[in-house]
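*Asks:* Here it is: the structure, laid out below.
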Amino acid sequence: MKDTNRLLIITADDFGMCPSVNKAIKEVVDFGLVKNCDLIPVAPAFKDAVNICKNYPLLDIGVHITLTSEFPALSYRPISNSNKVSSLIDPKSGAFLKNVKLFQSRAKPIEVYREVVAQIEYILSTGIKPTHLSSHIFVLNCFGAELSAMIRFNNMIMEISKEYKLPFRMPLRIAHAGVYNGLAEMYRKQGYLVLDDLISGYKIDKKRKESFYMRALSGLNEGITELLVHCGNPGAELKKINPRRWACYNEEKRIFTSQSMKEHIEKNRIKLINWSDLKIR
C-alpha cells in the first residue's frame, strides 16, 4: 500500500437491531457506497437480516459481538446458556448488563470467551461466511477504559481473531474525537491487522451530521479508515428503542444514499474498499 493512498471502509452498524434498521441498511447497500455491515447475532431481527444477506452475496458481513443491552425497550440476551455466562447478565432481566462500566467490573474472561465464540458460531451456522469481527459499543476495545481492566479482554479477542482468521476492528485512533489507542500500536507490532483510523458520527446532532462527515472525509488521513454509519427508517419502532437519537438514523441513511456524498468521495480521491480486501496473518 502506498503512503499516498486514502482507503475507506464504510460499514453499516447494528444490522439485525430491528426491521426498520434492516430495511434502511438494505437501501444504503443498494445505493452502492456501503458494502460492509456489522450483524448482531443476538438481535431480535437477526433472522430477517440473514434473509436479506442471502440476496447480497458480495456484501461483507461482520460478527458484531454484543455483550451489553443498553436499550430498555430492546433486550439483547446471550446465545450461551445463561448459567454458563452468569457474570455477563442482569439476574433480574436475563439480558446482558446495560453498560460498559458494569461489564468491566463483573465480566469473567472465561465467560466472555464462551459467549464470543458462541456468537461467531451462531452466525457461521446460518451459512454466512463473515469477513471480520467487531465489538458492539466498543466493549472489547480500550477507549475510555483502564488498560489493566481491559487488556485481558483485548488479548482474548485478538487470539479469537487469529483462531478464526477474521480481523477484529481495532483502530489506532479516532482522530475526530482526539482518541489514540496505544494498545492498538502494540498489537500492530505483534503482527495483527490494525486500522489507522475510525470515524463515527453517531453522537453528532442531526443538523450537523452531513457537514461532520463531509469535513471528516475531506481531511481523511492516509492509510485505512473505517466509517461507521447507523441507518434506520423513521417510525414508532425506532423511536421507542432509541428515543434520543431515533431521527439521526434516517439522516445518516439520507446522507449515504445521496449523490452529493458519492461525488464528495470521488472528488477527494478516496478509494472505497471492503473488509475482505484486508489480509490477516
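The values are calculated or read from the model by the stated rules, or taken from the named source; none is laboratory data. Since the structure is predicted, the reported quantities are computational estimates derived from the model, not experimental observations. Glycine also receives a Cβ, built like all others from the backbone with ideal geometry; neighbour counts cover every protein chain displayed.
*Asks:* Does Leu198 satisfy the condition of being aliphatic (A, V, I, L, M), at pLDDT 95 or above and part of a strand (DSSP E or B)?
*Replies:* yes
*Asks:* OK, next. Taking region 227-275 as the search range and keeping residues that are in a helix (DSSP H, G or I) and basic (Lys, Arg), which one is surrounded by the fewest Cβ atoms within 10 Å (Cβ to Cβ)?
*Replies:* So, considering only residues that are in a helix (DSSP H, G or I) and basic (Lys, Arg), the one surrounded by the fewest Cβ atoms within 10 Å (Cβ to Cβ) is Lys267.
*Asks:* Among the numbered criteria (1) under 30 Å from Ser258 (Cβ atoms); (2) out of contact with any strand residue (DSSP E or B) (no Cβ under 7 Å at 6 or more places or on another chain); (3) surrounded by 14 or more Cβ atoms within 10 Å (Cβ to Cβ); (4) at pLDDT below 95, which single criterion is violated by Arg188?
*Replies:* (1)
*Asks:* Go through Ile224, Ile204 for me and flag whichever is assigned to a strand (DSSP E or B) and out of contact with any Pro (no Cβ under 7 Å at 6 or more places or on another chain).
*Replies:* Only one candidate passes the filter, namely Ile224.
*Asks:* Out of the residues in region 107-140 that are among the charged types (D, E, K, R) and in a helix (DSSP H, G or I), state the one that is farthest from Val63 (Cα to Cα).
*Replies:* Selected residue: Glu111.
*Asks:* Exactly one condition in (1) exposed (fewer than 14 other Cβ atoms within 10 Å of the Cβ); (2) of a type in the set (Ser, Thr, Tyr); (3) part of a loop (DSSP other than H, G, I, E, B) is false for Ser211; which is it?
*Replies:* Ser211 satisfies every listed condition except (3).
*Asks:* Among the listed residues Glu252, Glu263, which satisfies the condition of being in contact (Cβ under 8 Å) with a residue 40 or more places away in the chain and charged (D, E, K, R)? So that I can check it myself, show each step before the final result.
*Replies:* On the way: Glu263 fails: in contact (Cβ under 8 Å) with a residue 40 or more places away in the chain.
Criteria check complete, one pass: Glu252.
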